[in-house]
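Enquirer: Sharing a structure with you now.
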Amino acid sequence: MHQKENIVELISVVKGKLTKKCLPDFLAVEATAPARAFHKTLPEYSETPLANLKNLAKELGVKGIYVKDESKRFGLNAFKALGASYAISKIAAKEDDPSKAVYVTATDGNHGRGVAWAAKKLGARSEVFMPIGSKECRAEAIRSIGDAKVKITDMNYDDAVRFASDYAKKNGYHFVQDTGSTDYMEIPNDISQGYTTMAFEAIEQLEGYGVDKPSHMFLQAGVGSMAGGVLGFLANYYKANPPVTTVTEPWDVACIYESMKSGEEGPTFIGGCPETIMAGLNCGEPNPFTWPILRDFASFAAKCGDEVTRVGMRTLANPIGDDPVVVSGESGAVGLGLVYMICADPAYAKYKEIIGLDENSEILIFSTEGDTDPEGYKEIVYGK
Ligand SMILES: Cc1ncc(COP(=O)(O)O)c(C=O)c1O
């Protein structure tokens, strides 16, 4: 258990001697339009809701809190298939017979489910490797998609990625990974482009609520492909002036936080086998293609103990008045938990001030998964 004062820690991003801000072209509105167009061709596609938590905003003394509910994405309980489906559609377009291909990946759950789902739609096979400590229910959720072969390995996430890459190479299979390395860029960038669909939907939905631009955004990170993809897209959309963005991560595996803290141009890695209930965020090596976006366009990084996401899950499950319920899992709720704690708990008031949250703030948060570990969800939210 962490000491209370260690439950949440925030730092400013060190930017001083770093490179000048360069907008990522691959995340420009035009560059990402094909991903949105592709998603719209899928029969399961519909916009996910943007929950307007107006009563919570009032209680916390801010103008608005808007939560994108990705538990409703494609019936898969998480946002991840936005990336996998788009990347696999591009690979399949180059195959003579897409049903003969095999897609390989490493995953802590949601990405693997997206790969299995997208492969199955093409009549193709998938093989999925999971890190040590992965819960059997998450492996079973991937198997339940159809033809996926799933194995829980004895490696941490980053080693499982390297293992899956070698395995795919040896067998002539397609490696579809949601993080990159020096010689592997195209597919992870396609995946980040795929994630921007939810950001595009969110800004259109915000306009429907009369919000021209959110003042603040909270993005959780594992390797940072989602956070970097969304932030890079919004940096392009808002002409290099995105919302004030805080990247949120688990306490013991906060590789973006440590990278920002280091002040170095390149990312910092965290090794070993750290434990956290935020399974989707348990990654120690930032994606090298989205790290520079977070370095240059995020304003803060926060490392959060597991209790922060528990607070977020319970708050979203028990809305005030007529605010809608959002079913949010461990890797989905940490941003809301952080906002709640720094606004409601005087012990963290200094962070509220540092980030600049006040009665004019309109906050955008992505709840990126539902109850992907149903037993864990029940225990945390209902105490059973
Ligand atoms: C629910 C959920 N949210 C957020 C993330 C983080 O995404 P990334 O690894 O791109 O930072 C993941 C990754 O698996 C996830 O499953």
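The values are calculated or read from the model by the stated rules, or taken from the named source; none is laboratory data. Just so it is clear, the model here is predicted, and its values are computed rather than measured. Note: ideal-geometry Cβ built from the backbone for every residue, glycine included; neighbour counts use all protein chains shown. What goes into the accessible areas is simple: the full protein's heavy atoms, side chains included, and nothing from ligands, DNA or RNA. Shrake-Rupley method; radii C 1.70, N 1.55, O 1.52, S 1.80 Å.
Enquirer: With axes computed from alpha carbons, what is the tilt in degrees of helix 225-237 against the longest principal axis of the chain, rounded to the nearest 10 within 0 to 90?
Expert: For 225-237 against the chain, the angle is about 70 degrees.
Enquirer: Here's something else I'd like to know. If you roll a 1.4 angstrom probe over the protein chains with everything in place, what fraction of the accessible area of the range 95-238 belongs to carbon and sulfur, to the nearest %? Walk me through the intermediate numbers first.
Expert: Working: 2570 of 5250 Å².
After summing per-atom areas, the C and S share lands at 49 percent.
Enquirer: Work out Dmax and Rg for the range 130-217 from the C-alpha atoms and quote the Rg first, both in angstrom.
Expert: Spelled out, the Cα radius of gyration and Dmax of the range 130-217 are 17.8, 53 Å.
Enquirer: If packing is taken as the mean number of other Cβ atoms within 10 Å per residue, what is the order of 61-70, 262-271, highest first?
Expert: Numbers: 61-70: 22.9, 262-271: 14.4.
My ranking of the peptides, most packed first, is 61-70, 262-271.
Enquirer: Given the alpha-carbon gyration tensor of the range 25-164, what are the semi-axes of its equivalent ellipsoid in whole angstrom, ordered largest first, with each equal to the square root of 5 times an eigenvalue? Provide the component values of the computation, followed by the final result.
Expert: Values: eigenvalues 174, 92, 39 Å².
The equivalent ellipsoid of the range 25-164 has semi-axes of 30, 21, 14 Å.
Enquirer: Carbon and sulfur together cover what percent of the accessible area of the range 289-383 at a 1.4 Å probe radius?
Expert: Numbers: 1510 of 3110 Å².
Ligands and nucleic acids excluded, carbon and sulfur give 48 percent.
Enquirer: With the alpha-carbon atoms as the only input, what is the per residue convex hull volume for the chain in Å³? Each step should come with its number before you reach the end.
Expert: Working: hull volume 49.8 nm³, N = 384.
Per-residue hull volume (Cα only) is 130 Å³.
Enquirer: Report the Stokes-Einstein translational diffusion coefficient (µm² s⁻¹, integer) for the range 45-119, Rh taken as the Kirkwood radius over Cα pairs, at 20 °C with viscosity 1.002 mPa s. If you can, show how the numbers build up before the last one.
Expert: On the way: Rh = 14.5 Å.
Estimated via Stokes-Einstein, D reaches 148 µm²/s.
Enquirer: May I ask for the Rg/Rh ratio of the range 246-372, computed from Cα atoms with Rh as the Kirkwood radius, given to two decimals? Let's see the in-between values first.
Expert: Numbers: Rg = 14.9 Å, Rh = 15.4 Å.
My calculation puts Rg/Rh at 0.97.
Enquirer: Moving on. What does the charge dipole of the chain about its Cα centre add up to, to the nearest 20 debye, if the Cβ of each Lys and Arg holds +1 and the Cβ of each Asp and Glu holds -1?
Expert: On the way: 40 positive and 52 negative charges, 89 e Å.
Using Cβ point charges on Lys, Arg, Asp and Glu, the chain gives about 420 debye.
Enquirer: Also: Stokes-Einstein diffusion coefficient for the range 307-355 at 37 °C in a medium of 0.692 mPa s, Rh from the Kirkwood formula over Cα pairs: what value in µm²/s?
Expert: Numbers: Rh = 11.0 Å.
The Stokes-Einstein estimate is 298 µm²/s.
Enquirer: Oh, and also: For a quick check, take a GNM of the chain with Cα springs below 10 Å and name the residue from Ala101, Ala87, Ala116 with the largest mean-square fluctuation.
Expert: Ala101
Enquirer: Also, I was wondering about something else. Anyone know which of Gly133, Gly337, Gly194 comes out most mobile in the 10 Å Cα GNM of the chain?
Expert: Per the Cα network of the chain with a 10 Å cutoff, Gly133 tops the list.
Enquirer: Mind checking the angle between helix 334-344 and the chain's longest principal axis? C-alpha axes, 0 to 90 degrees, to the nearest 10.
Expert: 0 degrees
Enquirer: Further question on the same structure: Using the Cα centre of the chain as origin and beta-carbon charges of +1 (Lys, Arg) and -1 (Asp, Glu), tell me which of Leu122, Pro286, Phe297 is placed farthest towards the positive end of the dipole.
Expert: Leu122
Enquirer: Given a 1.4 Å probe, how much area per residue of the range 119-165 is accessible, in Å²? Before the final figure, lay out the partial values.
Expert: Working: 2180 Å² over 47 residues.
For the range 119-165, the solvent-accessible area averages 46 Å² per residue.
Enquirer: For the range 256-319, with only Lys/Arg (+1) and Asp/Glu (-1) charged at the beta-carbon, what is the dipole magnitude about the Cα centre, in debye rounded to 20? Can you show the working numbers first?
Expert: Working: 5 positive and 8 negative charges, 55 e Å.
Around 260 debye, computed over the range 256-319.
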